[in-house]
Every structure is written in structure tokens, then in C-alpha cells.
Amino acid sequence: MSRSADDSGFGAMIHESRSADLASPEGMLDVLAATGPFADLRSPLMLYGQFVGAWDGTVVVHRRDGTDREESCEVYFGWVLDGRAIQDVWIAPARRDRDDPSRPSANDIYGTTIRVYDPANEVWHISWIEPNTGSFSHMTGRQMGDDIVQEYQDAEGACWQWCFTEITTDSFRWLARESLDDGRSWTVRNEFLLRRRTGRMADS
């Protein structure tokens, strides 16, 4: 009896793949996550590693018409990729405030950042992805004094800085500011004011 397409070739590959998935105790998220920083790079990685854990707070959007929008937010940082990178998830409004199905959601944030340290150039390569608002940004980051500053230029030529400032063990302020004159003056467009949810250790 001849074998059907489901018994060989691509069909067999799918069957084997599904069987392997069912047998494997690990999934993608298990192998993505890491328990702490890569040992040989621990010191520079702690620039962002200090934020590992869960954070709650408020986000303020400063609209171009001069009005502000304020809402709740939650942010999570964790070690990924064998401890060589930091991944974080930014959610606004916080999930607890999304129960009303009739509320506007076009400006909701549920995005993620990947932060990878480049030891050869002593700089961080950073990518932000937010599908709901269609926000995709690629930038470099480094420590400047007591702050962390990330920089890029958007498609219209505006200069942007995303900054971690007023950093303590249990709180920090994050802001996005825009310059239309090559950095001579800056306008703050967004602010996150965050406090640590727990006392979780940075390399846990």
C-alpha cells in the first residue's frame, strides 16, 4: 500500500515535531530566560541589570497640544540569552485597569525592549518593539554621569533621548525627550515614574 502525503515527507516532519514538543519539558520562554548575568560581563551588564524585577507606577504623556494624559503602568525586567542581555516589558495602562471593553485602546502600550551589551565598543544596542501603536526604535545606550542615556534619530530627523534618571534601589524616573534643533534644546514627551514592587535581587 502506498503511503499518503500525511505519512511521509512534510507530514511526518510535523508529526515528529509535535511529538518532540509534547515530550520536551522546556519551552521557548524557558530557554530564553537566564538566572543572572553572564559571569565574564557581570560588571557592565549591571548597568541595566540593577532594574531586574517588577515595577509599578504612573506614566505621563505630554501631548503636543499642551495637554497631558496620565495613567497607570507596570514594567518587568529580566535576564535573557544566557545572561548576556536584558529584556523588559512595558505595559500602560496596567493590566488591572484594562477591564472596561469600551474604553479607547489605540494608545495602549504593551511592548518589549531587548538590551545587548557590546564589550568591544562599550555601548549597548537596544531595540524597542510595541505592536499596538506601531512603535519600533533602535538606539544605543550608555551611562552618562548618574543617568543612563539612549539615543537615536527618527525618520523625520528629530533627535531623541530615552533616559533613566533619579535612580535609586527602589525607584527611578524614565523619560523620552525630543530635540528639533540637533540637541540644543529638548522637550520631554513621556515620563514613567516607577517604584519597585518587591525587594527582588537584581541577579535573581
message = Need pairs with beta-carbon distance below 9 Å; first residue in contact (Cβ under 8 Å) with a residue 60 or more places away in the chain and within segment 144-158, second among the basic types (K, R) and surrounded by 12 or more Cβ atoms within 10 Å (Cβ to Cβ); sequence gap 6+ or separate chains.
response = I148/R142
request  = Tell me which of these G11 doesn't satisfy, since it passes every other one: (1) modelled with pLDDT under 95; (2) exposed (fewer than 11 other Cβ atoms within 10 Å of the Cβ).
outcome  = (2)
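Of all residues in segment 169-184, how many are surrounded by 15 or more Cβ atoms within 10 Å (Cβ to Cβ) and either modelled with pLDDT under 95 or over 21 Å from E70 (Cα atoms) (or both)?
Of all residues in segment 169-184, those surrounded by 15 or more Cβ atoms within 10 Å (Cβ to Cβ) come to 172-179.
Filter once more, so that each one left must be either modelled with pLDDT under 95 or over 21 Å from E70 (Cα atoms) (or both): 179.
Total meeting the criteria: 1.
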key: Per-region count, segment 41-100, residues among the polar types (S, T, N, Q) and under 23 Å from D147 (Cα atoms)   = 4
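State yes or no: is A34 modelled with pLDDT of 95 or more, surrounded by fewer than 12 Cβ atoms within 10 Å (Cβ to Cβ) and over 20 Å from L194 (Cβ atoms)? It would help to see each step written out before you state the result.
Values: modelled with pLDDT of 95 or more: yes; surrounded by fewer than 12 Cβ atoms within 10 Å (Cβ to Cβ): no; over 20 Å from L194 (Cβ atoms): yes.
In short, no.
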query = Does G53 satisfy the criteria of being at pLDDT 95 or above and either under 19 Å from N190 (Cβ atoms) or out of contact with any Lys or Arg (no Cβ under 7 Å at 6 or more places or on another chain) (or both)?
reply = no
request  = Would you mind finding the one in T133, T112 that is of a type outside the set (G, A, S), closer than 20 Å to V75 by Cβ and assigned to a loop (DSSP other than H, G, I, E, B)?
outcome  = T133
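Does any residue of segment 40-48 turn out to be on the phi > 0 side of the Ramachandran plot and either surrounded by fewer than 19 Cβ atoms within 10 Å (Cβ to Cβ) or in a strand (DSSP E or B) (or both)? Show your work before the answer.
Of segment 40-48, the ones on the phi > 0 side of the Ramachandran plot are none.
Looking for residues that are on the phi > 0 side of the Ramachandran plot and either surrounded by fewer than 19 Cβ atoms within 10 Å (Cβ to Cβ) or in a strand (DSSP E or B) (or both), one finds none in segment 40-48, hence no.
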request  = Would you check if R64 is modelled with pLDDT under 95, basic (K, R) and assigned by TED's automatic domain parsing to the domain that holds N132?
outcome  = yes
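So that you can scan it fast, the table gives a plain yes or no per residue for (1) among the charged types (D, E, K, R); (2) modelled with pLDDT of 95 or more; (3) in the same structural domain as G49 (by TED's automatic domain parsing):
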| residue | (1), (2), (3) |
| --- | --- |
| D99 | yes, no, yes |
| D118 | yes, yes, yes |
| V123 | no, yes, yes |
| H138 | no, yes, yes |
| R142 | yes, yes, yes |
| C159 | no, yes, yes |
| W186 | no, yes, yes |
| M201 | no, no, no |
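The values are calculated or read from the model by the stated rules, or taken from the named source; none is laboratory data. Keep in mind the model is a prediction, meaning the values are calculated, not measured. All Cβ positions, even for glycine, are placed from backbone atoms using ideal geometry, and neighbour counts span all protein chains on display.
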